[in-house]
């Protein structure tokens with residue numbers, strides 16, 4: 001059988017017990033040119049919450065009754081496709097379920113073995129999380145040595161990697177923004193940022209000015225909302241704002257407070273640009289090479305927050321919005337699926 | 001003597017009779033390396049209003065008691081500088097007064113004579129107004145043939161030129177946004193846009209969707225605020241938003257309604273970028289060559305709204321915000337100053 005989590009109704013605000021249902025379907029059959037994959041681990045990303053809304057997005061909304069869309073990793077159990085060999089550990093759109101078919105419409109990437117890295121690390125740093133950090137900073141943000149970089153969601157999976165890449169590449173200063181003293185301490189002590197500001201304290205814009213008196217060259221935005229506005233008011237001449245996510249807005253799309261400081265883009269000839277990491281699919285290897293080198297050299301500190309059990313995936317998603325996670329949130333569906 | 005208009009106190013909202021004072025000072029003396037210029041015409045631009053605020057900008061605020069900062073044109077009457085010859089018609093920062101000194105700190109451009117164009121046309125199309133339209137569309141907006149272009153403030157001096165350059169360069173569709181049926185008719189009939197939407201009517205976002213069902217490739221924003229938000233919600237994949245001005249916000253900086261649709265920049269991998277035309281000073285000739293060719297070929301329709309008398313400059317500035325002007329607003333200080 002195949003346990004699956006489906007969208008029961010569209011959430012308003014946070015996901016709760018009425019949003020999803022755990023159902024059981026027959027295990028799918030492996031047809032021609034298909035491979036049957038046993039899911040081992042799910043990647044829990046904020047974007048999943050946006051797919052639950054009936055709103056235009058970069059992918060269509062998840063349909064009511066459909067399995068929740070998600071990336072993840074698994075092991076090939078059976079294959080009628082030349083792309084996959086039984087035993088391969090593969091990464092792709094597994095969705096929230098125990099079994100999934102790979103085919104021409106839903107292709108998976110075979111993960112290399114023998115890297116000496118465990119699956120959780122690979123799904124974090126070498127998966128979309130790390131790759132998002134890499135291309136957001138270097139390509140969208142046009143990072144240059146000496147730049148003053150500010151990162152929101154700095155204790156999070158993406159933000160913590162952004163700051164470390166910036167430091168490794170010679171940033172002038174790397175300042176994080178995170179929620180609460182514990183996370184701020186983690187950002188500085190564990191991830192090596194120069195400073196971290198607590199957005200729960202008042203006067204963030206003023207404190208950003210004190211932390212970056214010459215302005216922010218690259219602001220990597222993981223949250224949107226008032227924090228983005230505070231960064232806008234401190235953007236440097238020709239600064240770049242990388243819009244990676246607007247997590248503070250995802251649960252409250254309809255009543256989002258607007259940005260009031262966008263005219264700073266004119267004053268400072270600055271740019272605000274959004275991106276979706278999937279657009280860089282053809283260049284993933286470039287990012288993975290540098291990130292793997294950093295991991296092996298011990299210069300990339302990373303954390304994974306493992307939640308065990310498919311049935312806890314909705315709670316794991318909520319952790320991203322409550323700030324209850326530390327590092328990359330992953331759901332373990334089958335702990336026997338591991339990289340060799 | 002030198003009649004001057006000075007900033008008496010900072011306006012809240014529109015400029016009124018308490019904002020400026022008309023004063024009389026001695027005519028300045030032409031010192032070493034200086035030239036004395038008799039001012040003929042002032043360029044009335046929305047940005048002047050922003051300089052009246054005590055707020056960070058791309059230039060410092062105008063000080064209380066200082067002459068209002070403004071570009072303009074005049075004739076060289078006396079010169080101790082090798083840059084200028086008496087009789088030259090020059091363009092630069094004249095400010096709101098009858099006489100000004102050119103020196104190393106305040107340089108003027110000598111306008112070429114014999115172009116067969118009158119001074120008002122040159123100050124409009126070949127001045128910062130036309131040049132703003134040119135670089136905003138082509139450089140910041142990365143206009144490409146076939147693009148769907150939307151321009152707000154389409155009946156205005158800059159907007160009307162943006163649409164005509166886009167048409168001349170093979171835009172797929174050029175849609176204007178303007179206030180009221182009269183201006184909308186002018187945008188289509190006089191300036192040759194394909195369509196013009198009246199922002200005073202409801203449901204602008206929906207009407208933009210109907211006018212541009214495949215989305216907006218380049219949105220040239222002259223106004224900011226809710227119109228910018230409506231354009232954001234219709235931006236095409238990899239669309240570019242050119243932030244030229246935020247005229248709807250200039251009088252109400254403190255209470256500006258925020259933008260709520262900026263997450264569309266992520267969904268559509270779009271970019272929003274501000275610019276100041278002065279940054280392109282070294283490339284002005286490139287724009288002026290193409291614009292002059294269009295004027296001579298009769299393919300660039302332009303209008304100038306002349307207000308006669310230095311003392312009416314504050315009223316002329318208010319026209320920009322009330323929408324009472326048609327085309328480029330210029331104040332005639334001395335109508336005898338003309339191009340040969």
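The values are calculated or read from the model by the stated rules, or taken from the named source; none is laboratory data. Computed from a predicted model, the values in this text were never measured in an experiment. In this analysis, Cβ positions are derived from the backbone assuming ideal geometry, glycine residues included, and neighbour counts consider all displayed protein chains.
Could you list, ordered by first residue, the pairs with Cβ atoms under 6 Å in which the first is in region B:326-340 and not assigned by TED's automatic domain parsing to the domain that holds residue B:90 and in a loop (DSSP other than H, G, I, E, B) and the second is surrounded by fewer than 18 Cβ atoms within 10 Å (Cβ to Cβ) and modelled with pLDDT under 95, at least 6 apart or interchain?
Once the first residue is not assigned by TED's automatic domain parsing to the domain that holds residue B:90 and in a loop (DSSP other than H, G, I, E, B) and sits in region B:326-340, its partners that are surrounded by fewer than 18 Cβ atoms within 10 Å (Cβ to Cβ) and modelled with pLDDT under 95 give B:339/B:113; B:340/B:113.
Sort out which residues of region B:51-100 are more than 24 Å from residue B:120 (Cβ to Cβ) and either crowded, with 19+ Cβ neighbours inside 10 Å or touching a strand residue (DSSP E or B) at 6+ places or on another chain (Cβ under 8 Å) (or both), and write them in order of number.
Here is the first cut: in region B:51-100, the ones more than 24 Å from residue B:120 (Cβ to Cβ) are B:52-66, B:78-83.
Result: B:52, B:62, B:63, B:64, B:65, B:66, B:78, B:79, B:80, B:81, B:83.
List the number of the failed condition for residue A:228; all other conditions in (1) more than 12 Å from chain B (Cβ to nearest Cβ); (2) in contact with a strand residue (DSSP E or B) (Cβ under 7 Å, 6 or more places away or on another chain) hold.
Unmet for residue A:228, out of (1) more than 12 Å from chain B (Cβ to nearest Cβ); (2) in contact with a strand residue (DSSP E or B) (Cβ under 7 Å, 6 or more places away or on another chain): (1).
Sort out for me the strands (runs of 3 or more DSSP E) sitting completely within region A:74-188 that have 2 or more residues that are not assigned by TED's automatic domain parsing to the domain that holds residue A:208. Can you show your working first?
Details: elements: A:89-93, A:99-102, A:148-152, A:173-178.
Because the criterion is at least 2 residues that are not assigned by TED's automatic domain parsing to the domain that holds residue A:208, the strands (runs of 3 or more DSSP E) in region A:74-188 that meet it are A:89-93, A:99-102.
Is it the case that some residue within region A:235-256 is facing another protein chain (nearest Cβ under 10 Å), surrounded by fewer than 21 Cβ atoms within 10 Å (Cβ to Cβ) and in a loop (DSSP other than H, G, I, E, B)?
yes
Go through the residues of region B:45-67 one by one and say whether even a single one is within 17 Å of residue B:313 (Cβ to Cβ), without any contact (Cβ under 8 Å) to a residue 24 or more places away in the chain and assigned to a strand (DSSP E or B).
Looking for residues that are within 17 Å of residue B:313 (Cβ to Cβ), without any contact (Cβ under 8 Å) to a residue 24 or more places away in the chain and assigned to a strand (DSSP E or B), one finds none in region B:45-67, hence no.
Within region A:200-215, take every residue that is touching a residue at least 40 places away in the same chain (Cβ under 8 Å) and in a loop (DSSP other than H, G, I, E, B) and give me the one that is surrounded by the most Cβ atoms within 10 Å (Cβ to Cβ).
Among them, the one singled out is A:212.
Within region B:276-283, is even one residue surrounded by fewer than 16 Cβ atoms within 10 Å (Cβ to Cβ), in a helix (DSSP H, G or I) and within 11 Å of chain A (Cβ to nearest Cβ)? Don't jump to the end; show me each part of the working.
Let us first name the residues in region B:276-283 that are surrounded by fewer than 16 Cβ atoms within 10 Å (Cβ to Cβ), namely B:278-279, B:281-283.
Restricting the remaining residues to those that are in a helix (DSSP H, G or I) gives B:278-279, B:281-283.
Next cut, within 11 Å of chain A (Cβ to nearest Cβ) only: B:278-279.
Yes, region B:276-283 contains at least one residue that is surrounded by fewer than 16 Cβ atoms within 10 Å (Cβ to Cβ), in a helix (DSSP H, G or I) and within 11 Å of chain A (Cβ to nearest Cβ).
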